[in-house]
Amino acid sequence: MSASIPVSDPPPVVRRRRRGDADELIPTRTDRRELLLQIAIVVVAAAPALAATLSVIGIHWVPGGDQAIEVLRISDVGGPHTPLVGPWSRWGWAHPGPALFWLVAPTQHLFGNDGVLLACGLLSTASAAGIAAVAIRRGGTVLGAITALGVVGFLGGMGLSTAVDPWNPYVALLPFLLFVLLVWSVVCDDLVMAPAAAVVGSFCVQAHVGFLPLVGGLSALAFVAVAVRHLRAHRAAPEGGTRSDTGSGGLLAAVRRHRLLSTFLATVVAGGLMWLAPLWDQLFGSGNLSALLSYARSPESDTAGWSKAFGIMSGQLRLPAPWMGANEASAAGLTLTAGWAWGVGAVLLLVVAAVVAVRRRHVDVAILDGIAVVAIGLAVLSTARMTGFVAPYMTQWWWIVSFVALLALVWTVVSLLDLADARALAVGALGVAVVVGGFVVVRDVPVDAPVPTLSRALSELVGPTAAALDRDHRYVVHTVDERNWGGAGPGLQLALEQLGYHVFVGPTDLTDIQYGARRVLEPAVGDGVITIVGLDSMGNGWVPPDGARELARYDPLSAAERREFDESQASMHERMSAALGSEAPEGVLSMDSLHHAMLARASGVSQAEIDRMKELQAPGSGFAVFLSPPA
């Protein structure tokens, strides 16, 4: 073990009592209080996520967008079309593995769409509890309480609805924080944590490939640290301990070798099992891992580059940080950057903290500082290699890196203070965590299902649409939904498939990895085309195809409000075209978009008109569903 002397709990105090013919060591009242405090820390850390999870029971969610596509793939688990790769990417490959789909499938099969939210909420709850438990294991009740406070603050910053959302950029956030703390434990020679780190890290990478540089780099760090420690222990062993199994030196060396070998084998087995499905797909299926590697070597568009990566680093490490609720999106919806001083200053502060901690013999504390520095470097690398636009959802793992950096600095300060009454600090931090967690729960619970306005619209459209279809026919679903990025189509397709209808999607470069090849059909060979179109787009000039008949319609606005909406959109388009020319945006204008609102103001649109448009758009989109002959 390392020579760390952290601010931690005192050694257990026990007393001896006589039972029968044997002495028995039992915990004192002090120990029981300590145990109860530790249990309370874990419960408080997990409570907000658990409250969010319980609130989605019976919510009757009808997913749309990427979540609907994920649920389609989740429903395939256990059958002949069980997915072997992860969620789709806009770059023409899938994320590395199906761990998310497989994990959520049991509750989805049992409870339907609500089961997806339930499983993701339970994953967040378990992750939060695990984070607090590992923190207690490393630093006692003080670090556990501080970490619990940070976790409830993190949940408050991202919103509890995110804790139940199956969208892959979100679902791996808390597991990744747990992974970082597990790596810390392994580097501190707590080898029993290594198999758990392999499983949790594999889950994060399979859910979103953006975690790969961080998980891979931190895993390599842990491996090197364990190897170096083992070699040093081997060289420092007495002569008898290196060549003989007799004597105390040899016994200790043998025990260490056995411990190291068993941990290594358990980690390899655990990690190997996690990657069996992607490897099988690589050898006998789509070859997705090769597609990922090929894209990494030769991206189809320019990468973000180091300058933007360091700017995003500073934007994420500043205070208040985005994970605390600070804005991280520009007017164009891209991840904000900041001057390099914030990021460089944070890194230098962590380096100084590590040096001071080592000099004060707080080695475990210094290791956490070092892990934070390495994580920042890996996050910069991952950001620099991103292609195309860099939006906040693509850099969500920066939240965890920023969280770990702040936690490391706080823990260093607390450790160097050498507090006489550590328990008082733990109780105080836990009390603040209770208050913050309670506020977050009151604010957010019951949580909304992902994209609630789209879910409401689909729930109104599915019944009338299904009633007009023939169960023996095959239909291709087509979408015209600018405002929701085409999200209505996958939702309608999922709902109709769950009702037993034969519905497909037309072929594109992405549909095979989005829906699975069995759900792709040429419109011309089907029995009809189902088109779901946003009423915003209809007001913007879209017309139904020849021979189409309307099956269903939903509009959250009254007839008068819809006329006002269409007239306002047309007026804004006219003024923006006159002022901006070819730079004017086309299609549906969304005043929830900072970019569209900024361009509207620059074109002479008043703030009152923008605010009124926001009011009209707040209830969500309206839709109409048409059925037309095969195209």
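Of note:
- Residues of the stretch 113-150 classified as hydrophobic (A, V, I, L, M, F, W, C) and within 30 Å of residue 64 (Cβ to Cβ), total: 9
- All positions within the stretch 161-176 that are surrounded by fewer than 24 Cβ atoms within 10 Å (Cβ to Cβ), closer than 18 Å to residue 150 by Cα and aromatic (Phe, Trp, Tyr): 170
- Residue selected from the stretch 409-438 under the condition among the β-branched types (Val, Ile, Thr) and more than 19 Å from residue 353 (Cβ to Cβ), by the criterion surrounded by the fewest Cβ atoms within 10 Å (Cβ to Cβ): 435
- The stretch 381-402, residues that are of a type in the set (A, V, I, L, M, F, W, C) and modelled with pLDDT under 95: 381, 384, 386, 389, 390, 391, 394, 397
- Filtered residues of the stretch 557-574 (kept if loosely packed, with under 13 Cβ neighbours inside 10 Å and of a type in the set (Ser, Thr, Tyr)): 558, 571
- Residues in the stretch 272-317 that are closer than 19 Å to residue 373 by Cα and small (Gly, Ala, Ser): 307, 309, 311, 314, 315.
- Some residue of the stretch 298-321 being more than 30 Å from residue 595 (Cα to Cα) and either buried (at least 17 other Cβ atoms within 10 Å of the Cβ) or at pLDDT below 90 (or both): yes
- Selection status of residue 381, part of a helix (DSSP H, G or I) and surrounded by fewer than 16 Cβ atoms within 10 Å (Cβ to Cβ): yes
- Index of the failed condition, residue 276 passing every other in (1) surrounded by 15 or more Cβ atoms within 10 Å (Cβ to Cβ); (2) out of contact with any Asp or Glu (no Cβ under 9 Å at 6 or more places or on another chain); (3) over 22 Å from residue 378 (Cα atoms): (1)
- Subset of the stretch 445-464 that is assigned to a helix (DSSP H, G or I) and in contact with a His (Cβ under 9 Å, 6 or more places away or on another chain) - its residue that is surrounded by the most Cβ atoms within 10 Å (Cβ to Cβ): 455
- Scope the stretch 106-152; condition of a type in the set (Lys, Arg) and either in contact (Cβ under 8 Å) with a residue 60 or more places away in the chain or crowded, with 22+ Cβ neighbours inside 10 Å (or both); matching residues: 138
- Top-ranked residue of the stretch 575-594 - restricted to ones that are free of Cβ contacts under 8 Å to residues at least 24 places away in the same chain and not small (Gly, Ala, Ser), ranked as surrounded by the most Cβ atoms within 10 Å (Cβ to Cβ): 585
- Of all residues making up the stretch 52-85, the number that are touching a Ser or Thr at 6+ places or on another chain (Cβ under 9 Å) and not in a loop (DSSP other than H, G, I, E, B): 2
- Residue 475, sole failed condition from (1) outside any loop (DSSP other than H, G, I, E, B); (2) of a type outside the set (A, V, I, L, M, F, W, C); (3) surrounded by fewer than 18 Cβ atoms within 10 Å (Cβ to Cβ): (3)
- Selection of the stretch 504-531 for residues being assigned to a helix (DSSP H, G or I), surrounded by fewer than 21 Cβ atoms within 10 Å (Cβ to Cβ) and among the polar types (S, T, N, Q) yields only 511.
- Some residue of the stretch 331-352 being surrounded by 14 or more Cβ atoms within 10 Å (Cβ to Cβ), small (Gly, Ala, Ser), under 21 Å from the mean Cα position of the chain (by Cα) and assigned by TED's automatic domain parsing to the domain that holds residue 394: yes
- In the stretch 532-556, the qualifying residues are those that are crowded, with 18+ Cβ neighbours inside 10 Å and in a strand (DSSP E or B), and the one that is farthest from the chain's Cα centre (by Cα) is 551.
The values are calculated or read from the model by the stated rules, or taken from the named source; none is laboratory data. Predicted model only: the values in this text are computed from it and were never measured. With ideal geometry, Cβ positions are generated from the backbone for all residues, glycine too; neighbour counts draw on all protein chains shown.
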